[in-house]
Amino acid sequence: MTPIRIVLVDDQALFRAGVRMLIESQPDLVFAGEAGDGVQARKAVAAARPDVVLMDVRMPLADGIQTTRDILADAAAGGHEPPRVLVLTTFDLDENAARAIRAGASGFVLKDADPEFLLAAIRTVHQGNAVIAATATRELFAQVQRGAERAATPATWSELTAREREIFRLAARGMSNAEIAESEFLSEATVKTHISRVLAKLGLRDRVQLVVFSYEHELPTED
């Protein structure tokens, strides 16, 4: 199996050193580069072409929100697969983490999370078949948008079949492909196909965007 290549972006050298040691201890992960600010991050990502970028949300020169946008734009301009961006934040209801997700990040992790959780988050975001801490993500957006009106159900929702809406509901709860497959008596390959169609019809990039979309439009996630 091809190892997962990771670039770490954080302005604290000691934190970078600790995360680097953790990553290098794993046989399926490769530490491909690091940067201490957003400007250097774009260069590091362009040079290393990583699978996953661990991105501090608060940095000098360019913060993690703008840097996420820039990295994804660079990948689009270069015509190559963009990395998954995993935002690192110091507290779980950080509005900047929500802004980074809107900018294109695929999830967030607390800096003081257990090492095993961070490793699991890297693998999960790379596989793309589950959402990291889906409940925490919904709580984050509930906090950020407290008092704001939910958006109207978009016209694209009507394009989903009944089966696709059911798959959407389960995915919005944070269930993985394997969990959905077991729940719905489907193969994982079939679930993956349904998820791809749902994302395409709704114009969403990945599963964390699906969770946010569900919350912002007040679409059902429970039975």
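The values are calculated or read from the model by the stated rules, or taken from the named source; none is laboratory data. Just so it is clear, the structure is predicted and the values come from calculations on it, not from any experiment. No Cβ is skipped: glycine too gets one built from the backbone with ideal geometry, and neighbour counts run over all protein chains shown. When the accessible area is computed, the model is the full protein with side chains, heavy atoms only, and any ligands, DNA or RNA have been set aside. Shrake-Rupley method; radii C 1.70, N 1.55, O 1.52, S 1.80 Å.
Worth pointing out:
- Meets criteria (in a helix (DSSP H, G or I), hydrophobic (A, V, I, L, M, F, W, C) and either in contact (Cβ under 8 Å) with a residue 24 or more places away in the chain or out of contact with any Phe, Trp or Tyr (no Cβ under 7 Å at 6 or more places or on another chain) (or both)) for Leu140: yes
- Top-ranked residue in the stretch 183-205 [being modelled with pLDDT of 90 or more and outside any helix (DSSP H, G or I); ranked as surrounded by the fewest Cβ atoms within 10 Å (Cβ to Cβ)]: Phe185
- With respect to the conditions (1) closer than 16 Å to His217 by Cβ; (2) aromatic (Phe, Trp, Tyr); (3) without any contact (Cβ under 8 Å) to a residue 40 or more places away in the chain, Trp157 falls short on a single one, namely (3).
- Scanning the stretch 89-140 for residues being charged (D, E, K, R) and over 25 Å from Ala73 (Cα atoms) gives a total of 7.
- On the stretch given as the stretch 117-154, residues that are under 16 Å from Leu204 (Cα atoms), modelled with pLDDT of 85 or more and surrounded by fewer than 20 Cβ atoms within 10 Å (Cβ to Cβ) total 1.
- Failed condition for Gly174, given (1) closer than 16 Å to Ser106 by Cα; (2) in a helix (DSSP H, G or I); (3) open to solvent by less than 30 Å² (accessible area, probe 1.4 Å): (2)
- Residue satisfying condition, being over 17 Å from the mean Cα position of the chain (by Cα) and at positive phi, within set Leu61, Leu22, Leu14, Leu29: Leu61
- Some residue of the stretch 65-83 being in contact with a Leu (Cβ under 9 Å, 6 or more places away or on another chain) and within 20 Å of Leu199 (Cα to Cα): yes
- Residue in the stretch 60-79 that is in contact with a strand residue (DSSP E or B) (Cβ under 7 Å, 6 or more places away or on another chain) and of a type in the set (D, E, K, R) present: no
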